[in-house]
1. Counting each DSSP H run of 4 or more residues in the chain as -39500 (n - 2.57), what helix-only mean residue ellipticity at 222 nm follows after dividing by all residues, to the nearest 500 deg cm²/dmol?
2. Got a sec? What order do 104, 201 fall in by accessible area at 1.4 Å, biggest, i.e. largest, first?
3. Using the crude model of +1 on Lys and Arg Cβ and -1 on Asp and Glu Cβ, and no other charge, please compute the dipole size for region 70-167 relative to its Cα centre, in debye to 20.
4. Treating only the Cβ atoms of Lys and Arg (+1) and Asp and Glu (-1) as charged, compute the dipole magnitude of the chain about its Cα centre; round to the nearest 20 debye.
5. With label points built 7 Å along Cα→Cβ from the Cα atoms of residue 83 and residue 21, find their separation and express it in nm.
6. Ranked highest first by the average count of other Cβ atoms within 10 Å around their residues, in what order do 43-56, 307-320, 147-160 fall?
7. Quote the accessible area belonging to residue 74 in square angstrom, nearest 10, computed with a 1.4 Å probe and with ligands, DNA and RNA left uncounted.
8. Which percent, nearest 5, of DSSP beta bridges in region 162-269 are antiparallel?
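The values are calculated or read from the model by the stated rules, or taken from the named source; none is laboratory data. Predicted model only: the values in this text are computed from it and were never measured. Here the Cβ positions follow ideal geometry from the backbone for every residue, glycine too, while neighbour counts run over all protein chains shown. For the accessible areas, the whole protein counts, side chains as well, though only heavy atoms, and no ligand, DNA or RNA atoms are used. Shrake-Rupley method; radii C 1.70, N 1.55, O 1.52, S 1.80 Å.
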Amino acid sequence: MDFGNFYQLIAKSPLSHWLEVLPGQIAAWQREALHGHFKNWARSVEHLPELSPETVDLLHSVTADSSQLSERQRGGIEKLLRNLMPWRKGPYSLYGVEITTEWRSDWKWERVLRHITPLAGRTILDVGCGSGYHLWRMVGAGAQLAVGIDPMQLFICQFEAVRKLLGGDQRAHMLPLGIEQLPELKAFDTVFSMGVLYHRRSPFDHLFQLKNQLVSGGELVLETLVIEGDDLQVLVPGERYAQMRNVWCIPTTGALKNWLEKCGFVDVRVVDYSITTTAEQRRTDWMTSESLAEFLDPADSSKTIEGYPAPLRAVLVATRP
C-alpha cells in the first residue's frame, strides 16, 4: 500500500514534522505486514474495480452507488468485500452491497456529533479508528482532513477497500500505527478516542498522548466504558470483561472527569451516557462470531457473563488550554 499521497499532503502543513519519523515507521510496518493473511486481504483490495460513483453520501451514511454497474459486477464487489470479514465498524452501502457490521457505529456518531464543535474545516485525528467508518462521517461533516490510526492489518485493508469504492477520496487517510508511536504533533483541531481507553494499561499515559496531539484550544472527544458510582470508583476486572481479555480499568464518569482535569484538560463535560444494547452490537452475516448477546449473563442482561455491570458508555468532551 502506498502512503506517498499522505506524505505529500502533509509536507506543507502543520503536520510536516511528522515526516521525520513517519516513513520509517510505515516501512517497518510494511515489512511485518508480509505475514499472515495480509497478502490475501491486500489482493482483494487490489482486485476491486476503480470506480467513480454517481452518488456519494457521507453526511448521513457511508454510501456510494452507480447505475452503470451490472449485477455481475456488484456480485464481484460483494465477494471481494466478504474476503475482508469480519466487518466490525459501519454500516456501509456500496453499490448495492449492504455491509451490516457488528456495530451500529452510525448510532454512536449521531450521539457524539450533536455535542462537539462543528468539524467543518478542521484537521482531525481518530485514534483506534477500526475500518475508518467515522473518518468518512467526519469528512461528510466538513472536515478538511481526517486521519485515523490503528495498527490492525485487516482494518487498513477494509479502509482502503472503502476508499477505492468511494472514488479514491483523499480527505481521509488511515495509518497502521498506535497512539504511542506518534510524536507530540500538537497539530490537530479535534482528537477522537472512542472505545480505546479501557484497553490501555496506563489510562493516564493515553490521555497525555491524546493531549499532545491537539493544538491549543483543540477539542478531545473521549468515548469509553464507564460504571455507575461516585467520583472515586474504578472497576478493575479480572481476566475478562464481557469476554474481552484486554480491559484494564473502567472508571465512573466522575472519576474520568477528574482524570482529564489532572492531565490538564479544561472545560471537561459529560455529554452522553448510554447503555450498549444487543441492537447496537450484534452478530451479522458480515461478522459471524459471538457478539454482545453472548457476552451478557443469560439470566440477567444487566450483568456481563462474568458478573460485572453490563457495558455502559459515556462521551466526554474536553479542551486543551
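1. Working: 10 runs with 93 residues, N = 321.
-8500 deg cm²/dmol, from helical runs alone.
2. 201, 104
3. Its charge dipole is roughly 80 debye.
4. Computed charge dipole of the chain: roughly 380 debye.
5. My value for the distance between the label points is 3.5 nm.
6. On the way: 43-56: 14.6, 307-320: 19.7, 147-160: 23.0.
Packing proxy ranking, top to bottom: 147-160, 307-320, 43-56.
7. 40
8. 30
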